[in-house]
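See below for the structure under consideration.
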Amino acid sequence: MAKELSVEEAVERAQRIQEERIGTIRGLAEARQALADVRESAARRLAEVERETAEQIAAAEREDVKQYGAAQAAGWSVEELRKVGYAEPDKKLRVRKRQSRKASTPARPDAATSAESDAAGVAADGAAE
């Protein structure tokens with residue numbers, strides 16, 4: 001006949017099995033945390049590489065525009081440069097146009113009242129719709 005287990009032995013065996021199961025959950029939790037950490041770190045590195053690459057491309061584009069302008073300043077026309085094999089740069093330097101100063105208009109007392117009446121008229125038109 002098989003020997004009957006005592007209560008203590010049965011509980012001890014069950015606890016060992018349960019500890020093994022809990023150990024696998026601990027391992028899974030640690031692996032998931034490691035995966036999340038690696039993904040986060042990789043995302044930061046990728047963003048940094050993308051930023052650095054964008055800066056390098058922008059610097060190269062600025063240099064391309066500068067050298068194309070220098071070629072034109074040396075007497076090469078756009079057509080001649082195109083014949084040689086150099087089309088106009090993809091990114092041209094942005095030139096800001098100077099805005100002319102608006103002449104200051106003297107304040108008229110009737111201007112404020114006409115603006116108020118215009119605003120009232122707009123409000124009335126809006127209410128009619």
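Structure summary
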read-out: Number of positions in region 74-86 that are surrounded by 10 or more Cβ atoms within 10 Å (Cβ to Cβ) and in a loop (DSSP other than H, G, I, E, B); value: 3
read-out: Condition check for E63: of a type in the set (D, E, K, R), modelled with pLDDT under 95 and either surrounded by 10 or more Cβ atoms within 10 Å (Cβ to Cβ) or part of a helix (DSSP H, G or I) (or both); value: no
read-out: Residue in region 36-44 that is out of contact with any Pro (no Cβ under 8 Å at 6 or more places or on another chain) and closer than 30 Å to K91 by Cα present; value: yes
read-out: S104 exposed (fewer than 12 other Cβ atoms within 10 Å of the Cβ), among the polar types (S, T, N, Q) and modelled with pLDDT of 95 or more; value: no
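The values are calculated or read from the model by the stated rules, or taken from the named source; none is laboratory data. Only a predicted model underlies this, so the values are computations on that prediction, with no experimental measurement involved. Here the Cβ is made from the backbone with ideal geometry for all residues, glycine too, and neighbour counts use every protein chain on show.
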